[in-house]
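Below is one structure, written out as structure tokens; comments come after it.
The values are calculated or read from the model by the stated rules, or taken from the named source; none is laboratory data. What you see is a predicted model; the values in this text were computed from it and never measured. Positions of Cβ are generated from backbone atoms using ideal geometry, with glycine treated the same way; all protein chains shown enter the neighbour counts. Heads up: the accessible areas ignore ligands, DNA and RNA and are worked out on the full protein's heavy atoms, side chains in. Shrake-Rupley method; radii C 1.70, N 1.55, O 1.52, S 1.80 Å.
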Amino acid sequence: MTEDLYYHKILAYLEPVYYRLLFLGMIASVTFFSYEYYIQRSFNDLSYIYIILAIGLFLSFYLRKKVPIKANIIYTLIFLITCSTLAIYLKGLNNLSISIFVVSTLMGTLFLENKNSRLLIFYTIILIFVSGYFKYQGVHSENTQIMATSSFYWLRYGVGYVFLALSIILSVNGIKSYLIKLIESLNRKVSLLNQTKLELQIQNEEIKENNKIIFDLAYKDQVTRISNKNALSFIINKKISSKTPKGAFYLINIGDLKTINSILGEEAGDSFLKSIADGLVKYFKPYSIIGRSGAKEFVVFTEILDKEYFNDNIKKLKNHLLENNPYIETEYSMQTYLSSSLYPNDGESFDQLYRKALIAMEYGRKNLIDTLVSYENVFLEDLSEKENIKKEIEIGIVEEEFIVYYQEKINIKTGKVCGLEALARWDSKKLGMIGPNVFIPIIENSKLTIPFSEMIVKRVLQDFKRIKIKYGGDITVSINISPVHIIYKDFKNFLMDQCKLNNVENDKIELEITENVMIQGFEQIEKIVNDLRQQGFKVSLDDFGTGYSSLSYISKIPIDILKIDKSFIDNITGNKRAKVMIESIINIARAYSMSVVAEGVETKEQVEMLTSLGCDIVQGYYYSRPNPL
């Protein structure tokens, strides 16, 4: 089989070469004939042989597309043998007969199976001996001595032909044997590779199938076939990261699944869960993200904040359940608990929103409330007791539950980040994510102000190395400082020590104070601000314009930066008075060589208006939300 494959491949590979050789042989024959006839001016026996060779080779070349290559080779070899024999008979041993003999031997050995090639070569040698013998005997028959000598001479050259043929056969057969072994080796490797490829394809298909199963198990609820908690977390977090402005997170708990399973069986329980999922898909999609987050707990996340939209669809869902589960009215009393949390007010991730909604739901269970309970209501009615929160704040400071988020400030001319504002956030293990509007007033009305403020300052200065890596060495960071902390006797020394400890230049820190600080005493604050600025720290007045005596402050206290309150920015595009007010603030700031920062910028129109008024720096959700490093 390997030899057959060899001949098949060698013929396929050398077929173009073979036909080119035929063409070159034909040209060579014509050339030799032309040389002898036109240049040497002779026409002899060899001239006939050249003409016969040219015609025969032309015929072989002409038949290249009409007969198989193997038949063409056999025909060509027989023709060459004939020409070689004719050359010997006509001219005796000569270069032409030897060349034809060598070529026919090579071709027969290389292109034909061993049996056919040996027969042709053996036939060639016999013809050469016979034609040569008769040639010399005919020429020298009248002289016995010369004839005997010539016969010996021919016998000697005939033997030489034999040895030449054997040498060619052995050499070419050695090459053929090597090629056959090489083909066998390659075939084995190709076979092995094909087998390996097939195995890899099978394994790849198995891996794909396993990946589908794994993905299904990881992200699909196996009973209802809607998103599970993992998928909900991924999808909602992705939705939030795409700068969704606002959203409502609803938690739905319907029915006592244990009772259904125990009385009617698990099949009925699964059917009930599927009915809930089908109803949620029917009434809340495509405007909402839905999924199953627990045994009988479902989630709806939507950008539609109208509670009536949710309540109306819940009514439709309940009717859907009654229609598709007739046993509910007779054997089962359907219980419903609903809760909600809002993005970004109550949290900025799935975990935070889920935790708030869960707290609200537990409150609803505890108080047997079967209508929607929002986290805000729970907080106001129960969890917002100041003393309890204060205790949790103390625990949070000790256990480092407070984290620092940073909001970027943008140079309005270049569009590049020129500073950051450090903002405290509280991720309470007990209460969840609590907004600064809740815990800051409680801290400022307690003895926790200084330890809390020092903790935030330390955290920001420890973060500064990472801030430089992310934003570059020219970045400044502003820190909100409470009135109580800024007048604290060791505040300046504490601040300078922390900067030195963390290798932070003083001029990279901006201290934000509010007008409330003036309550502590104008002269005292003036001295403190001057001392801080002499050490290189920058001072900014936050929420400028909300106090009745702001103008008197900035005319006497050396402030570096004015921050315009968000309440003015909200109305800048639709309220002419607000626009005039902001333009006045900017002009006043320029008169005192101060920079102006506009807070709470949320729209392109606000940015364009502030640019036209000459504002220096903007900050707000239009560019970025506060984020941890």
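Among 429-439, 195-205, the peptide with the highest mean count of other Cβ atoms within 10 Å heads the list, and the full ranking is 429-439, 195-205.
Surface exposure of the stretch 192-231, expressed per residue as accessible area with a 1.4 Å probe, stands at 79 Å².
Taking only the C-alpha atoms of the stretch 448-501, Rg followed by Dmax gives 12.0, 34 Å. For the pair Ser612 and Ser191, label points projected 7 Å from Cα toward Cβ lie 8.4 nm apart. List the pairs from Lys447/Lys489; Lys413/Lys538; Lys282/Lys307; Lys315/Lys429; Lys391/Lys566; Lys458/Lys492 whose alpha-carbon separation is above 25 Å, in the order I gave them. Beyond 25 Å: Lys315/Lys429; Lys391/Lys566. Between amide H atoms placed 1.01 Å from N, distances below 5 Å from Gly291 occur with Val299, all of them 5 or more places distant or on a separate chain.
Shown here: the stretch 436-546, whose C-alpha atoms stretch 38, 32, 29 Å along the first, second and third principal axes, sorted largest to smallest. Near the amide H of Lys220, within less than 5 Å, lie the amide hydrogens of Asn228, all on another chain or at least 5 residues away, with H placed in the peptide plane.
Distance between the 7 Å Cα→Cβ label points at Ala268 and Ser42: 12.0 nm. Descending by average beta-carbon neighbour count within 10 Å, the peptides 227-239, 66-78 line up as 227-239, 66-78, the highest first.
In this calculation the C-beta distance from Tyr621 to Asn493 is compared with R0 = 30 Å, giving a FRET efficiency of 0.20. I need the calculated FRET efficiency for the pair Ala295 and Asn319, taking r as the beta carbon distance and R₀ as 22 Å, to the nearest 0.05. E(calc), rounded to 0.05, equals 0.40.
Using a simple spin-label model with pseudo-atoms 7 Å out from Cα toward Cβ, Ser349 and Thr244 lie 1.6 nm apart. Note on the stretch 64-87 and the stretch 384-454: Cα centroid distance 99 Å, given to the nearest whole angstrom. Using θ = phi - 60° in the Karplus curve 6.51 cos²θ - 1.76 cosθ + 1.60, the 3J(HN,Hα) couplings for the stretch 448-454 round to 8, 4, 5, x, 5, 5, 5 Hz; x is entered for Gly and Pro. For Lys181, a cut-off of 26 angstrom between C-alpha atoms picks up these lysines, skipping any fewer than 8 places away in its own chain: Lys9, Lys70, Lys115, Lys189, Lys197. Relative to the current alpha-carbon distance between Ala218 and Asn367, full extension at 0.36 nm per residue lengthens the span by 50.1 nm.
Once the chain from Arg577 to Lys66 is taken as fully extended at 0.36 nm per residue, the excess over their C-alpha distance is 174.1 nm.
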